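Worksheet: one structure, shown below.
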Amino acid sequence: MTTSRTSLLSMALALTLATAAGCGGGAVDCPVGQTACDGACVDVLTDGEHCGTCGNTCGAGLLCGNGTCAAECPAGQLECSEGCSDPMTDENNCGGCGAPCAANEECRGGTCEIPCAQMLTAPVTDQYGLSWDGLERTAATLDAAAVSCEAFGGRLPSATELFRVNATRTDEVAQAFHTNPLWSRTASTRTEQVAITLATGAVSDATASAPLAYRCVCAPPTPPFFGGARCNGPAGAACFSVGRYLLDAEDRVPLRKSAALQECAAERAGIADVPLLVAAIIGGLPGSGQLVQTADQATYFETTQVRWSGDPAAWTAVGNLGATATTNRAPFRCAGPGFAAGTNPNPISGEFVGQDGGFKGEVADSPTAGWTAAHDACTSRGGHLARSAEMASLLIAGLPGGSNTFLWTADQNGYNGTDFLSSLILWNGLDPRTPYEYAGGGGPNYTTTWYYKNSAYPFRCIYYPLDPAFQAPTTCTGGCFSMALPGPVPATMWFDSNDRGPATWTAASAACRAEGGRLASARDLTEAIRGGLPNGPGPSVWLHTSELGGSPAIAGGPNTLITHWTGVEPTFSDLWSTHMTWAGVGESHYFRCMWSNELR
């Protein structure tokens, strides 16, 4: 098998798999980009006998592409003599099969070019494989700096990439005298960009139209999914595995929520939500003890935070939750499927798919509907009512058709003294990278608010990729209630048919994780109860959901939303106080676990 610079892509996947799956086969010293399997060095991106991980053999008629067995090569790849190939980056098949680049060239955009790194100023390479200008370039506006780097195949670094090479952490790129703030590629507000000082890692905002020093970087090929150097953590162990998902092994640089979403989106990931983060904490994810922002909203203007450190068995949600304004800088973790998940395979009317795939959305608003009617409409199409962070991710990906009208999201934010509320989101043709920057207050920049769930608003649905390797659960309490959504390849959810518990929110989350599932969310239960979930315990018994609402300034939260229903109740309203309220996370309540073949 030929080894070229494209093998760096395999190296990135190999680093992912070393953390996530423990691929191995003895103390074999393999070349860069190959992995030791059964005493031999192989390319796990394309090897049909070790596809994605050692010993995973593709069956007859299947090809290995991006570490996944399939009947065809992944979209954008060709079946060449060596296997699946990306003609945009493969130096052996640049622009087409059998078109190799010269030894002193690299394949960039399907054309053999002078290597990007040769165009850097005094180039240096960090431990993650990223090549840097060793010297700062002359101060320029953001747009001019970006154009300068992109002219030779480079780019501006992300805020995370700048922060992790600051001089307090490593001397590979920076020294203590590098005190100028530098451009990152990450927007902070509509007019400002995140800037990082390499001497200390200090974060600031810089006006995009003003000149600022910068450095260009040249990135090696990376897998088209979250993993390897896309994760943030120690080099070679930057990812932490939870089932089919990978998370950052370390906190990322503190950023506003909209900037954090951009950082994760650029790495084919999203901000980790509370259920996934809690599953990882219980599973041993290293923690800093700092409050980490999540994808979940505590209120429409605040994001839920979680902190942890030390013994995972001793962790509890009590005393370890918080909330901070979405415009405040806070650390975060990115998370995403650790393999090429693609998009939802079902055709969706008026669908939107971003350039990098992932979630599917809808290009136009659905008409005004009530809270549960919006849920029903989305499940009838094979999807779900989108959460606010999911809508924000779609906006970052270029979701069109902003109507300047507030839309429902599935995020519930607790009680304001009158009733329970849901987050609403709006965009109106302004920069979609900052959906959380202007919370409330009215005026032209009013992009998010909340309102009572007994109201009616337009909405959009979201459709998740499906995991072809998912196995239906066998340990549901009282048997498994399954809910298959419409579509040729149905998205399917499974639920306990009977209640578990009682238990605290932390213990309930841990119990579901131990069986490969997760604590059902308020959205999950609304969909399932209206779809016939049996054995509702009646009005005197409350069930935990994974949903947290409120902030420390409101009723001592964040609290868990709790719910109940009676028997089979297809008219379930999810309204206070008939069917839901909230409770402290330290209280014991019954609960149900759920499983899904969706990659959320």
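The values are calculated or read from the model by the stated rules, or taken from the named source; none is laboratory data. Please read all numbers here as calculations on a predicted model, not as lab measurements. Here the Cβ is made from the backbone with ideal geometry for all residues, glycine too, and neighbour counts use every protein chain on show.
Mind telling me which of the residues A528, A469, A522, A456 ends up being under 21 Å from the mean Cα position of the chain (by Cα), closer than 24 Å to A373 by Cα and aliphatic (A, V, I, L, M)?
Exactly one of A528, A469, A522, A456 is under 21 Å from the mean Cα position of the chain (by Cα), closer than 24 Å to A373 by Cα and aliphatic (A, V, I, L, M), namely A522.
Go through the stretch 472-502 and give me each residue that's over 23 Å from the mean Cα position of the chain (by Cα) and outside any loop (DSSP other than H, G, I, E, B).
C480, F481, S482, M483, A484, F495, D496, R500, G501, P502
Of the residues in the stretch 443-497, how many are of a type in the set (A, V, I, L, M) and without any contact (Cβ under 8 Å) to a residue 40 or more places away in the chain?
Total satisfying the criteria: 1.
Listed here are the residues, each with its yes/no results for (1) buried (at least 23 other Cβ atoms within 10 Å of the Cβ); (2) of a type in the set (V, I, T); (3) farther than 15 Å from V274 by Cβ.
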site	(1), (2), (3)
A514	no, no, yes
L533	yes, no, yes
V541	no, yes, yes
E569	no, no, yes
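Take the residues in the stretch 273-287 that are touching a helix residue (DSSP H, G or I) at 6+ places or on another chain (Cβ under 8 Å), in a helix (DSSP H, G or I) and of a type in the set (A, V, I, L, M), then tell me which one is farthest from P224 (Cα to Cα).
Of everything passing the filter in the stretch 273-287, I282 is farthest from P224 (Cα to Cα).
Whether any residue in the stretch 333-343 is assigned to a strand (DSSP E or B) and closer than 22 Å to T504 by Cα is what I want to check. Step through it out loud before you land on a result.
Let us first name the residues in the stretch 333-343 that are assigned to a strand (DSSP E or B), namely 334-337.
From the residues that got through so far, the ones that are closer than 22 Å to T504 by Cα too are none.
Scanning the stretch 333-343, I find no residue that is assigned to a strand (DSSP E or B) and closer than 22 Å to T504 by Cα, so the answer is no.
Can you name the residue in the stretch 543-558 that is surrounded by 24 or more Cβ atoms within 10 Å (Cβ to Cβ) and not hydroxyl-bearing (S, T, Y) and, of all such residues, is nearest to T571 (Cα to Cα)?
Among residues in the stretch 543-558 that are surrounded by 24 or more Cβ atoms within 10 Å (Cβ to Cβ) and not hydroxyl-bearing (S, T, Y), the one nearest to T571 (Cα to Cα) is L543.
Among the candidates A187, A208, single out the residue that is surrounded by fewer than 20 Cβ atoms within 10 Å (Cβ to Cβ) and at pLDDT 95 or above.
On the way: A187 fails: surrounded by fewer than 20 Cβ atoms within 10 Å (Cβ to Cβ).
Going through A187, A208 in turn, just one is surrounded by fewer than 20 Cβ atoms within 10 Å (Cβ to Cβ) and at pLDDT 95 or above: A208.
Results for (1) at pLDDT 95 or above; (2) among the hydrophobic types (A, V, I, L, M, F, W, C); (3) under 27 Å from S423 (Cα atoms), shown as yes or no for each residue.
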{"residue": "G479", "(1), (2), (3)": "yes, no, no"}
{"residue": "A491", "(1), (2), (3)": "yes, yes, yes"}
{"residue": "A503", "(1), (2), (3)": "yes, yes, no"}
{"residue": "S509", "(1), (2), (3)": "yes, no, yes"}
{"residue": "D524", "(1), (2), (3)": "yes, no, yes"}
{"residue": "A528", "(1), (2), (3)": "yes, yes, yes"}
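What about F470, is it farther than 30 Å from A71 by Cα and either among the aromatic types (F, W, Y) or touching a His at 6+ places or on another chain (Cβ under 7 Å) (or both)?
no
Quick check on the stretch 282-298: of everything there that is in contact with a Gly (Cβ under 7 Å, 6 or more places away or on another chain) and buried (at least 24 other Cβ atoms within 10 Å of the Cβ), which residue is modelled with the lowest pLDDT?
Filtering first and then ranking leaves A298.
Please identify the pairs in which a residue from the stretch 399-425 that is part of a strand (DSSP E or B) has its Cβ atom under 7 Å from the Cβ atom of a residue that is surrounded by fewer than 24 Cβ atoms within 10 Å (Cβ to Cβ) and among the acidic types (D, E), counting only partners at least 6 apart or on another chain.
Sorted first by the residue in the stretch 399-425, then by its partner, the pairs are L407/D365.
Considering only the stretch 378-387, I want to know if a residue exists there that is crowded, with 17+ Cβ neighbours inside 10 Å, out of contact with any His (no Cβ under 9 Å at 6 or more places or on another chain), outside any loop (DSSP other than H, G, I, E, B) and modelled with pLDDT of 95 or more.
Yes, there is a match, as at least one residue in the stretch 378-387 is crowded, with 17+ Cβ neighbours inside 10 Å, out of contact with any His (no Cβ under 9 Å at 6 or more places or on another chain), outside any loop (DSSP other than H, G, I, E, B) and modelled with pLDDT of 95 or more.
For the stretch 348-361, does any single residue satisfy the condition of being assigned to a loop (DSSP other than H, G, I, E, B), within 30 Å of C84 (Cβ to Cβ) and more than 19 Å from the chain's Cα centre (by Cα)?
yes
For the stretch 240-272, name all the residues that are over 9 Å from the mean Cα position of the chain (by Cα), assigned to a loop (DSSP other than H, G, I, E, B), of a type in the set (A, V, I, L, M) and surrounded by 24 or more Cβ atoms within 10 Å (Cβ to Cβ).
Correct list: V253 only.
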